[in-house]
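**Student:** Quick one: structure below, then a few questions.
Just so you know, all these numbers are worked out from the coordinates, no wet-lab data involved. Keep in mind the model is a prediction, meaning the values are calculated, not measured. Backbone-built Cβ (ideal geometry, glycine too); neighbour counts: all protein chains shown.
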Amino acid sequence: PVFAGMNRSAIENFSCVIYNISLMNCTWQAGRDAPADTQYFLYWQNSRDDNVTECELYIKDENGRNTGCRFQNVSIEIEKAYFLVNGSSKDSLIQFYDEYLQLY
């Protein structure tokens, strides 16, 4: 498949950790070749019946770039959750990253 966007502009090292039952932290790193002004946005869907919702509380790095998300009051469904991170930049098309994760 051909992905729209600059090579290596999608995020890397995406992971999500759940703790205290209902809190979830997702983190990622900016794509190696993403332009400096790239901003990333995380969307997720907890189960097939849920709407896709955007992260409400981003974790930012020192440059103000979103590199993670904190979720509160997460109730984990048995199915895999779907995550999508897309990016935007003034000058380039940024590749998106998506993954189904089994949450524990």
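**Student:** Going through segment 1-76, which GluC sites (Glu not before Pro) have at most 14 other Cβ atoms within 10 Å and a DSSP loop state?
**Tutor:** Working: sites: Glu12, Glu54, Glu56, Glu62; in loops: Glu56, Glu62.
Within segment 1-76, the qualifying GluC sites (Glu not before Pro) (loop, at most 14 other Cβ atoms within 10 Å) are Glu56, Glu62.
**Student:** State, to one decimal in nm, how far the label point of Glu99 lies from the label point of Lys60, with both points 7 Å from Cα in the Cβ direction.
**Tutor:** Modelled inter-label distance: 2.5 nm.
**Student:** If you don't mind, there's one more thing I want to ask. I need to check one value: relative contact order of segment 12-102, counting alpha carbon pairs closer than 8 Å and at least 6 residues apart, in percent.
**Tutor:** Relative CO of segment 12-102 lands at 29 percent.
**Student:** Here is a follow-up. What would the Debye equation give as log₁₀ I(q)/I(0) for segment 12-102 at q = 0.15, 0.16, 0.21, 0.26 Å⁻¹, counting only Cα atoms as equal point scatterers?
**Tutor:** For the requested q values the scattering log ratios are -0.56, -0.63, -1.03, -1.46.
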